[in-house]
Amino acid sequence: MKKIVLSYILSLTSFFVSAQDADITLEKFRPLPIDIQKIKGIQYTIFEGDTTSENFSEYEFDKNGNLIRWEYFPYYVKEELKYDSLNRIVEIDGLYGESLSNGIIKYEYPSATQKIEIHDKMGYYQYIKLDFTFDDDNRVLEEVKYDSTSITTNDYGSATQSTIINSYDKDGNLIKASHYEGMIKKLIYEVDITYKKGKFISQSEKCFKGNICTDSEIIFSYIKKGDFKDKKNKETSWIFDNGDTIKIETQYFYQKIDSITVSQEEKVFRNNQLTERNKYFYKNNQLIKLEEYTIPKGFDESRLSVWTEYTYFFYPKTEK
């Protein structure tokens, strides 16, 4: 659920979107430090007998703060990204293990309101043209997508076109995104977002009859006073699927350990049962460690199952 929310918000806060999966993962490091060059992560997994295995991750940035490479190994998953002089992505070279998605995506920008994606993958070739309409504040009001591989067999014929129409509040926050299919603009999916005093409060996602997807809703609440004022203290999401309702409740707890280190704890409940517990440790406002706990079936206490340690590298400071 979190991925749905974050990926949608990220895709609308930046006109030319970078690799979304990497962006979602990077959210836990934001705000990124100035002059960041690289972030390295080492993940340890506990098996029976307290033995551990190591997985690695890396994120590399150029001097403009653009992500230029990310990699998870030893799983042979990585992307290399290239940018133009306006910091727009012009190429993504992706490797995703044994996948037909391996290959290159190239991006062209014929005008200020157009974007072209050329997907040259191992298993297919896809050409996507996107036309944008902006308001006076450079926000996307409408996005029309023409996809060379998009074909449906409904009463409306072949749908080679899809449209997203966005609405904003007076503060510039996205409050509604309506997704339409085909030339006649059949409404298939709608997102409603609520903000209060500039803070994200809730989001609901609704699919309409005849479309294969899942309705959902998410609500945030915030700490009202104290050292951690305006930080999230609770996140509740509902997923409605074929008459079933799944509720996931995430609670956040913050604690000052010393003058420069803060830990954040996240608890996840499914059907009022605690299923996950994650601890985040920060130093100088940078995430340095993440501990992930699971609650085995039949047990009340959580057990540490995975932890990841992060190291930051910076470009040398240049004298002005």
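Check residue 147 against each of (1) farther than 25 Å from residue 41 by Cα; (2) open to solvent by 30 Å² or more (accessible area, probe 1.4 Å) and name the one condition it does not meet.
(2)
Residue check: is residue 115 among the charged types (D, E, K, R), farther than 22 Å from residue 43 by Cα and either open to solvent by less than 40 Å² (accessible area, probe 1.4 Å) or in contact with a Phe, Trp or Tyr (Cβ under 6 Å, 6 or more places away or on another chain) (or both)?
Considered against the rule, which asks whether it is among the charged types (D, E, K, R), farther than 22 Å from residue 43 by Cα and either open to solvent by less than 40 Å² (accessible area, probe 1.4 Å) or in contact with a Phe, Trp or Tyr (Cβ under 6 Å, 6 or more places away or on another chain) (or both), residue 115 comes out as yes.
Can you name the strands (runs of 3 or more DSSP E) wholly within segment 63-167 that have at least 1 residues being in contact with a helix residue (DSSP H, G or I) (Cβ under 7 Å, 6 or more places away or on another chain)?
Filter on segment 63-167 gives 67-73, 77-83, 140-147.
Exactly one condition in (1) outside any strand (DSSP E or B); (2) closer than 28 Å to residue 64 by Cβ; (3) open to solvent by less than 80 Å² (accessible area, probe 1.4 Å) is not met by residue 312; state its number.
(1)
Identify the residue in segment 122-136 that is without any contact (Cβ under 8 Å) to a residue 60 or more places away in the chain and either of a type in the set (Phe, Trp, Tyr) or at positive phi (or both) and, among all such residues, is most open to solvent (accessible area, probe 1.4 Å).
Applying the filter and picking the extreme gives 125.
Among the residues in segment 257-268, are any over 30 Å from residue 216 (Cβ atoms), open to solvent by 30 Å² or more (accessible area, probe 1.4 Å) and assigned to a strand (DSSP E or B)?
yes
From 283, 317, 225, which residue is among the basic types (Lys, Arg), open to solvent by 60 Å² or more (accessible area, probe 1.4 Å) and in contact (Cβ under 8 Å) with a residue 60 or more places away in the chain?
Checking each option against the conditions leaves just 317.
Only one of these conditions is not met by residue 160: (1) touching an Asp or Glu at 6+ places or on another chain (Cβ under 8 Å); (2) modelled with pLDDT of 90 or more. Which number is it?
All conditions pass for residue 160, except number (2).
Being closer than 24 Å to residue 60 by Cα, modelled with pLDDT under 80 and polar (S, T, N, Q) is the filter here, so list the residues in segment 271-320 that pass it.
The answer is 318, and nothing else.
What's the number of the only condition in (1) open to solvent by 70 Å² or more (accessible area, probe 1.4 Å); (2) of a type in the set (Phe, Trp, Tyr); (3) at negative phi that residue 70 fails to meet?
(1)
The values are calculated or read from the model by the stated rules, or taken from the named source; none is laboratory data. Quantities reported herein were computed from a predicted structural model and do not represent experimental measurements. Because the Cβ atoms are built from the backbone with ideal geometry, glycine has one as well, and the counts that use them run over all protein chains shown. Remember, those area values only see protein heavy atoms, side chains included, never the ligands or the DNA or RNA. Shrake-Rupley method; radii C 1.70, N 1.55, O 1.52, S 1.80 Å.
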